[in-house]
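For reference, the structure is listed below as structure tokens.
The values are calculated or read from the model by the stated rules, or taken from the named source; none is laboratory data. Everything numeric here is computed off the predicted structure, so don't read it as measured data. Ideal geometry is used to build each Cβ from the backbone, glycine not excepted, and the neighbour counts take in all protein chains shown. To get the accessible areas, we keep the full protein, side chains included, count just its heavy atoms, and leave off ligands, DNA and RNA. Shrake-Rupley method; radii C 1.70, N 1.55, O 1.52, S 1.80 Å.
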Amino acid sequence: MQSQRITINSKDSGQFGAYLSLPPTGKGPGILLIQEIFGVNQHIRDVADQYASDGFVVLAPDVFWRQEAGVDIGYDDEGFKKGFALMQGLDFPKAVEDLCVAAHTLRALPEVSGKVSSLGYCMGGMLSYLVGTTKGAVDASVCYYGGGIHTALDRAPQANVPMLMHFAEKDGFIPMQAVEQIKQAFQNNSAVEIHTYPDVDHGFNCWGRPMYQQKAAALARGRSLEFLSRTISS
């Protein structure tokens, strides 16, 4: 994949970085890839390249730049401690504002020939939901085990773009009771798809973590690709 780091101007005169990965053909629909609490680390860059290999133009912005630019941490205890602290200190409305600017930047790239979807994991799954329920930000939204979505269901009526959610049935952070609340909130919205995966934990898509589960990851990725091909590919 052809990849590079670009700089994006925020609405309040700041600047933040993003990892851009282009498909082999050089053009395609856009994916705004939203990080976990570990920053735009090697795994997220690999995921960006993975989706770029499927023909998408992928942009992964630095969500934590207002606290610390260029966060890139691993999945050990120290990494978890730092990542959680950064998430707890995150100004979510500002982060959504930055992500919407990033989505606009992505959409304006000459390499983007179709629509744009957000796609996020963990904290990024929640942010993908918030971006997806922001008018005019993206054309679709994919949320992997987005913690906290059940606390923001007042935004459910604003879900006016297709949305796909993946949840682990043995998630140590997101109880199935919360998932049921989300399902009920969207039961009359046929554009929102919610899938649960038995016998897997939070983070099952990340091959860099012990909870990685190949079968669930492959199934969820297949569903995500089918969803993206249906909603943003021309």
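Could you please let me know if Gln42 is open to solvent by 10 Å² or more (accessible area, probe 1.4 Å) and in contact (Cβ under 8 Å) with a residue 24 or more places away in the chain?
When the stated conditions are applied, Gln42 passes them.
Filter segment 1-36 for residues that are among the small types (Gly, Ala, Ser) and open to solvent by 70 Å² or more (accessible area, probe 1.4 Å) and give the result.
Across segment 1-36, the qualifying residue is only Ser13.
What is the residue count in segment 70-88 for residues that are under 19 Å from the mean Cα position of the chain (by Cα) and either closer than 19 Å to Ser13 by Cβ or assigned to a loop (DSSP other than H, G, I, E, B) (or both)?
5
Just the residues that are within 15 Å of Gln50 (Cα to Cα) and surrounded by fewer than 19 Cβ atoms within 10 Å (Cβ to Cβ), please, taken from segment 179-213.
Result: Trp207, Gly208.
Looking at segment 215-234 only, could you name the residues that are open to solvent by less than 50 Å² (accessible area, probe 1.4 Å) and touching a residue at least 12 places away in the same chain (Cβ under 8 Å)?
Ala216, Ala217, Ala220, Arg221, Ser224, Leu225, Phe227, Leu228, Thr231, Ile232, Ser233
What pairs come out if I take residues in segment 199-214 that are more than 17 Å from Phe80 (Cβ to Cβ) and pair them with residues that are open to solvent by 60 Å² or more (accessible area, probe 1.4 Å) whose C-beta lies under 6 Å away, six or more apart or interchain?
Here the result reads Val200/Gln213, each pair linking segment 199-214 to a residue that is open to solvent by 60 Å² or more (accessible area, probe 1.4 Å).
Only one of (1) out of contact with any Ser or Thr (no Cβ under 7 Å at 6 or more places or on another chain); (2) within 25 Å of Ile174 (Cα to Cα) fails for Ser118. Which number is that?
Going through (1) out of contact with any Ser or Thr (no Cβ under 7 Å at 6 or more places or on another chain); (2) within 25 Å of Ile174 (Cα to Cα) one by one, Ser118 breaks only (1).
Output the residues belonging to segment 139-173 that are buried (at least 17 other Cβ atoms within 10 Å of the Cβ) and acidic (Asp, Glu).
Of everything in segment 139-173, those that are buried (at least 17 other Cβ atoms within 10 Å of the Cβ) and acidic (Asp, Glu) turn out to be Asp139, Asp171.
Please pick out the residue among Ser229, Ser234 that is at pLDDT below 95 and either closer than 27 Å to Thr105 by Cβ or not basic (Lys, Arg) (or both).
Exactly one residue qualifies, and that residue is Ser234.
Can you name the residue in segment 64-85 that is touching a residue at least 12 places away in the same chain (Cβ under 8 Å) and over 20 Å from Gly208 (Cα atoms) and is also surrounded by the most Cβ atoms within 10 Å (Cβ to Cβ) among such residues?
Here the answer is Phe64.
When only residues in segment 127-161 that are in contact (Cβ under 8 Å) with a residue 40 or more places away in the chain and hydroxyl-bearing (Ser, Thr, Tyr) count, which is farthest from Ser229 (Cα to Cα)?
Here the residue is Tyr145.
Please go through segment 89-126 and pick out each residue that is within 30 Å of Tyr75 (Cα to Cα) and without any contact (Cβ under 8 Å) to a residue 12 or more places away in the chain.
Pro93, the sole residue that qualifies.
Among the residues of segment 101-135, what is the count of those that are farther than 17 Å from Ile182 by Cα and hydrophobic (A, V, I, L, M, F, W, C)?
9
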